[in-house]
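Have a look at the structure below before the remarks.
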Amino acid sequence: MRNRLLVATVGTVAIGVLLLGLPLAVAVRGVLTTQAFETLQRQAEQVQVLFNQQQLSGSERRNLLHDLAGQFDVRFQVFDRVIRDGNRVGFLLTEDTGEMADEEVDFTDDLDAAFDGELGRAGRDGVLAVSVPLRIAGVPQVLRAIAPDDELRSSLSAAWLSIGGLAITSLGIAGFVGLMVARRIAMPLEDLAEAATALGEGDFSARAKASGIPESDQLAAALNITAERLGILVERSKSFGADASHQLRTPLTALRLDLEALQLAGADEALLGAAFSEADRLEATIEELLALAEVPMGDEHIQLATLVEERVESWRALALAEDRRVEVSADPVPLVRGRSAAIGQCLQVLLDNALEHGEGTISVTVTSVESPLVPERGWVRLCVTDEGEGFAEDSVPGRGLRLAKSLVQAEGGRIKVQRPSTVCLLLPAMGVEAGRLIQPSVVEGELR
């Protein structure tokens, strides 16, 4: 945001400088050029007055031109015109060298205007020329004053450098002001983002600072109120979780004591093993549900194959009690981003579903998969399959699968039912953009 505000401010000023500076530079050039021509014109008119008022011979005129040229630092020439082949041709009679100059020259625009009785001006080849009409002994002639344009160029360069310096100064001031304004606007937003990030990570003591900007202060006040309310709710949730944990563990402990008493009494070992496994699973489920009830402190990086092996072990005993097996096949896959408690609960739902409603061997597979729409995004697929008839076409998935769906979607993944008897979890691998779900078109048969 800072960069955008800075670029916008400097860009706006730069456009203004161009819109004002370019016309100003053109106007200055016109003014200075006009002043240079007017100065040269005044010098030519002074000589014009002397020539028109005095009757001078040719040598006197040459000497006068020579003296005036040295005085004004200007070159003077006197022209006549002749008609040749129907065209007017300029003829140089004399100039300020003090010698007779009898040569034909090009009939330029300034000479043409002066022979017509008007003032003529021309600028080319590094010189300025002004021509005025003369009348010597009743014969119309032309006086031309010529001066180099070095002084004009120097004045133009100085003026344009001044305009450029003002433009650069304006851009510098605009950059400084834009930087201050951008900082003034961006810092409150950065503080809000920092407070919101801390709040999202579970720090409910985080508070946004007041900045003096009304809109930003309103957001800060709303965020602070939200943080305070969430902190109260989380404290209540923790208190309830502690109470619930105590209330749930008390009967579970009593159940374990009863099972141990039955074991000492010589009860059937297979049934007791299944009962102990079920008690272990129940305890693990309680722990995970209580963990899921707490505010998440950020995503974990999970090795899915390891998690599956740990969770499947207790289900193998339950499956063995029903004369069934649980087999695991895991390919090398990238780490998964999510919470192990949530993914573990989803896996338990799938295993429970296969054990309760399926038949035969239960197969758990872990493989990598790529999105056909976005190949650079990696995903990991966890599937649970049994050898039963699976879901009927018109059946509605039960509450367990709906719970698994909500849990896996909260971790940025999806659940996929592949009839007849396979249910898969699609989980984002490391590097997938946080919070972005797989496109529904990619997950055919998605549980809805």
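Between Arg325 and Ala261, what FRET efficiency comes out of the Förster formula 1/(1 + (r/R0)^6) with R0 = 30 Å and r the beta carbon distance, rounded to 0.05?
0.45
Got a sec? Which residues in segment 146-161 would a label at Arg29 touch, if it sits 7 Å along Cα→Cβ and we count backbone N under 18 Å?
Only 149-161 pass the distance filter.
If Ile302, Ile15 are ordered by their accessible area, calculated over protein heavy atoms with a 1.4 Å probe, which sequence runs from highest to lowest?
Working: Ile302 15, Ile15 100 Å².
Largest to smallest exposure gives the sequence Ile15, Ile302.
Please sort 303-313, 167-177 by packing, taking for each peptide the average over its residues of neighbouring beta carbons within 10 angstrom, highest first. Kindly include the intermediate steps, with their values, before the conclusion.
Values: 303-313: 17.2, 167-177: 14.5.
Result, highest mean Cβ count within 10 Å first: 303-313, 167-177.
How far, in nm, would the chain grow between Ser239 and Leu189 when pulled straight, counting 0.36 nm per residue and subtracting the alpha carbon separation?
Values: separation 50, 0.36 × 50 = 18.00 nm, distance 3.42 nm.
Additional length available on full extension: 14.6 nm.
The values are calculated or read from the model by the stated rules, or taken from the named source; none is laboratory data. As the structure is a computational prediction, the values presented were derived from the model and not from experiment. Neighbour counts are summed over all protein chains in view; Cβ atoms, including those assigned to glycine, are modelled from backbone coordinates with ideal geometry. Ligands, DNA and RNA are excluded from the accessible area calculation, which covers all protein heavy atoms including side chains. Shrake-Rupley method; radii C 1.70, N 1.55, O 1.52, S 1.80 Å.
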